[in-house]
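> Shown below is the structure under consideration.
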Amino acid sequence: CIRDRVSTQSTGRKSKETLRRFVLNHVISNSYAAEKLPTNIISDSGDRFKIERSGDRVTVGIQLVDGSSIQSEIKSKNIIAFNGYVHIISKELMPVEMIPKTLLSIIQSNPQLSNFSSLLTSSGVHNFVFKATGEKFTIFAPTNNAVTEAVESYKTLFSSPETTALVLQYHIAVGLFHAEMLSSGLRVGTTTRADFINIHMKNGVKVLNGEAKLITSNIYANSINDGGVVHVIDKVLIPQSVLNMKK
């Protein structure tokens, strides 16, 4: 039931507002036949849609922050009502804030992590890791300042696609590690398969490998196919295996 799905987003008065937003996302305060729908259109809830045509096929698209889109096809067009048209679509148009968040979309939508996001996509590591359906990951995402500092300090390392990819994989752990689970003395295995991240406490702050502080924690993905958590850290982690390659 759509109402049940929408209502799980919140409860009480907030749930009613969520349901209202959902309904208004399917309404446009103008009367358009399918053939006359403009390329860019805004719903009565304020979300922007892109209309695309291919022959007789018409789709309504929602662009997401990770570059992907959700497409809903108009299956039955131009059902005439006394005050406009009804078009039957193949998929509900969820308001953007209700669309499940993936690990990659969390990183890409955070301006503090744009440098890390760029490295993930340019290296291809995002395809290697984030498309493993059903797998849970924990991402230790360094801030922009941390990435800039690391690239400057390790120019040779970051000039190589191979070692860059290994550094990025070192920030990704298989499994779900909530901040509360990161206790002093814990060794967290990473997707490099050869290197671990060592957790310690320093002045009451969780520190990775003796230098990277956990500054924001427990940012959860809620996609059915892409679960996990992101923690923001203030240093880039360099795996020992990569440092050994450069000796």
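> Would you mind calculating the relative contact order of segment 152-232 from Cα pairs under 8 angstrom and at least 6 residues apart, reporting the percent as a whole number? Spell out each step's value before the answer.
Working: 108 pairs, mean separation 15.9, N = 81.
Reported relative contact order: 20 percent.
> Quick one: accessible area per residue over the chain, 1.4 Å probe, rounded to a whole number of Å²? Show your work: numbers first, answer last.
Working: 13580 Å² over 247 residues.
Here the residues of the chain average 55 Å² of exposed surface.
> Summarise the accessible area of the chain (1.4 Å probe, protein heavy atoms) by the percent that is carbon and sulfur. Intermediate values should be presented prior to the final figure.
Working: 6950 of 13580 Å².
Result for the chain: 51 percent of the exposed heavy-atom area is carbon or sulfur.
> Okay, next question. Using the Cβ atoms and a cut-off under 14 Å, what net charge is assigned to the surroundings of N115, where Lys and Arg are +1 and Asp and Glu are -1?
Details: positive: K235; negative: E149, E152, D234.
So the surrounding residues net to -2.
> In angstroms, what radius of gyration and Dmax does segment 68-124 have, counting Cα atoms only?
Radius of gyration, then largest Cα-Cα span, for segment 68-124: 18.1, 55 Å.
> For A146, what is the net charge nearby, where nearby means another residue's Cβ is under 12 Å from its Cβ and Lys, Arg count +1, Asp, Glu -1?
Numbers: positive: K213, K235; negative: E149, E152, E211, D234.
Net charge in that neighbourhood comes out at -2.
> If segment 143-198 were replaced by its equivalent ellipsoid, with semi-axes equal to the square roots of 5 times the Cα gyration tensor eigenvalues, what would those be, largest first, whole Å?
Working: eigenvalues 116, 39, 16 Å².
Whole-Å semi-axes of the equivalent ellipsoid: 24, 14, 9.
> So what is the 222 nm mean residue ellipticity for the chain from helices alone, if each DSSP H run of at least 4 adds -39500 (n - 2.57) and you divide by all residues, rounding to the nearest 500 deg cm²/dmol? Intermediate results must be reported in sequence, preceding the final value.
Working: 9 runs with 70 residues, N = 247.
That comes out to -7500 deg cm²/dmol.
> Over 19 Å between Cα atoms: which of K101/K136; K206/K235; K16/K75; K213/K235 fall into that group?
Working: K101/K136 14 Å; K206/K235 13 Å; K16/K75 28 Å; K213/K235 7 Å.
Pairs exceeding the cut-off: K16/K75.
> Starting from the Cα of K202, draw a straight line to each of the aspartates and glutamates and keep only those under 20 Å, dropping any in the same chain fewer than 8 residues away.
E180, E211, D234
> A follow-up question, please. Using only the Cα atoms of segment 131-247, what semi-axes does the equivalent ellipsoid have when each is the square root of 5 times a gyration tensor eigenvalue? Give whole Å, largest first. Kindly include the intermediate steps, with their values, before the conclusion.
Numbers: eigenvalues 98, 63, 36 Å².
Ellipsoid half-lengths, sorted descending, are 22, 18, 13 Å.
The values are calculated or read from the model by the stated rules, or taken from the named source; none is laboratory data. Everything numeric in this text was worked out from a predicted model, so none of it was measured. A quick note on method: Cβ atoms are made from the backbone with ideal geometry, for glycine too, and the neighbour counts reach across all protein chains shown. Remember, those area values only see protein heavy atoms, side chains included, never the ligands or the DNA or RNA. Shrake-Rupley method; radii C 1.70, N 1.55, O 1.52, S 1.80 Å.
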